[in-house]
Every structure is written in structure tokens, then in C-alpha cells.
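The values are calculated or read from the model by the stated rules, or taken from the named source; none is laboratory data. In this text, all values refer to a predicted model and were calculated from it rather than measured experimentally. Please note: Cβ atoms are built from the backbone with ideal geometry, for glycine as well, and neighbour counts cover all protein chains shown. Heavy atoms of the whole protein, side chains included, go into the accessibility calculation; ligands, DNA and RNA do not. Shrake-Rupley method; radii C 1.70, N 1.55, O 1.52, S 1.80 Å.
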Amino acid sequence: GAAWMSFGVAVLFALLTACSYAELVTKYPRAAGASLYVNRAFRNDALSFLVTFCLLAAGLAAVGALARVFGGRYFQEFVAAPQLLVAVLFVLALGLINFRGISESVWINTALSIIELVGLLIIVVIGGMVLASGQADLSRPFQISAEGSAPFAVIGGATLAFFALIGFENAVNVAEETRNPSRAYPLALFGGLALAGVLYIVVSFTAAMVVPIDVLAGSDGPLLEVVERGPLPIPGWAFSLIALVAVTNTALVAHIMVSRVLYGMAQE
């Protein structure tokens, strides 16, 4: 129930990385991000390769995990199809968008982000209505059901919550595509991180307040559970569509990051 605490801790962890990137991007506004910084700092090809390999592995793992989520419950609301097949076609579609060009990818990313934001705000509105009606269980968001130390349970949850924040550091890989990156990037990074952090904390608090914890824990579409139990007459398919958009958005950013890192290191 205290998942919102984990999101708060994850945002603090991400903020440390954000501060580093905001400083480094002003010095090296180029593609490749962390790989480039390591290369410039140590001038060691083996170390640069290792960091690049880890970044690519993380990016591809993220795309793969998100592709499986895309082909799961939310997609099955519309079409009954094998999850793995849907995931593979999803990754191929992302590749075609990315191949078309960075401008097209960014415009699609912007449109998807707006739709995703609307979906999160719907959850917040549902939480407000449930709270106003007196039907909210305000004890659940403060329950920690894990065995052992509560602080360690929250930190353990933060390692999962951090997954929702991937993408912010990926933006550094497109720094050279922007005008005046030294000014634009820090503003976008900290502004986006603050907005997303607040939304994630409020949304996860709302979910625990509205839906029993065992139901949330056992669901592969937890926010859909909130919508179905909330007072707003929103059809399940509509929110499933928003959820698919959100997954697509995150996967697209990770996909772009992988290609930009390869491009940037190829230049090196």
C-alpha cells in the first residue's frame, strides 16, 4: 500500500542522476550520453565499450519488457492475440518510427505524452471523488506488508518504481538535436522529473486508497482496477487504450536512446 513512498524515494535517486546530466550536457551536448562522458573522462576504449554495452542492454531490456506489457491485458481488451507475437510486432513498429526520423519520433512522443498525462489525471480525479464521497480507505496507503524491515521494503519498491522514471536520462542522447541544449535540457529535465514525480506519487497513493492491496498486487493492469472501481463512467477499453499509449511512449523513448547511443559512439 505504501508504494507511493517508493516512488518518492525513486524520484530522489533520479534527481541525483539528473543533476549530473544537467552539468555534463552543458559541456558535451552530443549523442551517446553516459558513454560519451566516460569516454571523455577516462579515454579508455574498453571502459567506454563496457558502459555502452550496459546502456544498450538496459535499453533493449526495457523495450522488451514494455513490449510484453503492451501485448498483455490492455491489448487483449481489443484483440485476442498471442502476447509474444504482439510484442514482436510492437518492437518492429517502433523501429519503423525511429527509422523515419528524429523529428517524427519527437512529435509522436509529444502526442503520446499528452494522452498519457490525461490518463494519469483521470486517476487523480477518481481519487479526489472517492475521497470526497468518504469511501476511501486512508489506512491502506500506509500499510507495508513485506516481511522484515519497512525501510528496506520501501527501498526495494523504489528499485521497481525507478523503472517508471527511465527516459529522463535518455533525453541527454538527443541533446545535439536541440537548440541551445545547455539552457533547454536542464529546464526540461528538472521540470519533467518534478511533474512526473508528483503525478506518480499521487496516482500510486490513489490506487492504494481506492483498490484493496491484494487486488492491486495480483493485477497486471492495476490502474484499470482503479478506473473500474471509481465513480467516473469511463469504459474499460478507453483506459486500456490510454495505458497502451503510455507503454508505447516509454518504449519509443528507450528505442530512440539505443539508436542514439550507437550513433554517438560510432562518431567516436
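Consider segment 138-175. How many of its residues are farther than 13 Å from residue 2 by Cα and open to solvent by less than 80 Å² (accessible area, probe 1.4 Å)?
Qualifying residue count, segment 138-175: 15.
Of all residues in segment 107-133, how many are farther than 13 Å from residue 242 by Cβ and without any contact (Cβ under 8 Å) to a residue 40 or more places away in the chain?
4
Check residue 116 against each of (1) surrounded by 12 or more Cβ atoms within 10 Å (Cβ to Cβ); (2) outside any helix (DSSP H, G or I); (3) not small (Gly, Ala, Ser) and name the one condition it does not meet.
Tallying (1) surrounded by 12 or more Cβ atoms within 10 Å (Cβ to Cβ); (2) outside any helix (DSSP H, G or I); (3) not small (Gly, Ala, Ser), residue 116 fails exactly one: (2).
Of all residues in segment 12-43, which are of a type outside the set (Ser, Thr, Tyr) and within 17 Å of residue 165 (Cα to Cα)?
Start the filter on segment 12-43 by keeping residues that are of a type outside the set (Ser, Thr, Tyr), which leaves 12-16, 18-19, 22-25, 27, 29-34, 36, 38-43.
Those that are of a type outside the set (Ser, Thr, Tyr) and within 17 Å of residue 165 (Cα to Cα): 12, 13, 14, 15, 16, 18, 19, 22, 33, 34.
For segment 68-77, indicate whether the set of residues that are closer than 19 Å to residue 160 by Cα, touching a residue at least 24 places away in the same chain (Cβ under 8 Å) and outside any loop (DSSP other than H, G, I, E, B) is non-empty.
Checking segment 68-77: at least one residue is closer than 19 Å to residue 160 by Cα, touching a residue at least 24 places away in the same chain (Cβ under 8 Å) and outside any loop (DSSP other than H, G, I, E, B).
Return only the number of the condition from (1) in contact with a Phe, Trp or Tyr (Cβ under 8 Å, 6 or more places away or on another chain); (2) at pLDDT below 90; (3) crowded, with 19+ Cβ neighbours inside 10 Å that residue 35 does not satisfy.
Condition not satisfied by residue 35: (1).
So if I check each of 259, 182, which one is at pLDDT below 90, of a type in the set (S, T, N, Q), in a helix (DSSP H, G or I) and loosely packed, with under 15 Cβ neighbours inside 10 Å?
182
Are any of the residues in segment 197-216 among the small types (Gly, Ala, Ser), modelled with pLDDT under 90 and assigned to a helix (DSSP H, G or I)?
Taking every residue of segment 197-216 in turn, none turns out to be among the small types (Gly, Ala, Ser), modelled with pLDDT under 90 and assigned to a helix (DSSP H, G or I).
Every residue in segment 200-223 that is open to solvent by less than 20 Å² (accessible area, probe 1.4 Å) and within 14 Å of residue 161 (Cβ to Cβ), please.
Within segment 200-223, 203, 204, 207, 208 qualify.
For segment 41-56, check the following and say yes or no: at least one residue is touching a residue at least 60 places away in the same chain (Cβ under 8 Å) and of a type in the set (Asp, Glu). Break it down into steps so the answer makes sense when it comes.
Applying the first criterion (touching a residue at least 60 places away in the same chain (Cβ under 8 Å)) to segment 41-56 yields 48, 52, 55-56.
Subsequent filtering for residues that are of a type in the set (Asp, Glu) retains none.
So far as segment 41-56 goes, no, none of its residues is touching a residue at least 60 places away in the same chain (Cβ under 8 Å) and of a type in the set (Asp, Glu).
Per-residue answers, yes or no, for (1) touching a helix residue (DSSP H, G or I) at 6+ places or on another chain (Cβ under 6 Å); (2) closer than 25 Å to residue 187 by Cα; (3) exposed (fewer than 13 other Cβ atoms within 10 Å of the Cβ):
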residue: 29; (1), (2), (3): yes, yes, no
residue: 49; (1), (2), (3): no, no, no
residue: 80; (1), (2), (3): no, no, yes
residue: 99; (1), (2), (3): no, no, yes
residue: 102; (1), (2), (3): yes, yes, no
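Which number in (1) farther than 22 Å from residue 55 by Cα; (2) under 16 Å from the mean Cα position of the chain (by Cα) marks the one condition that residue 140 misses?
(2)
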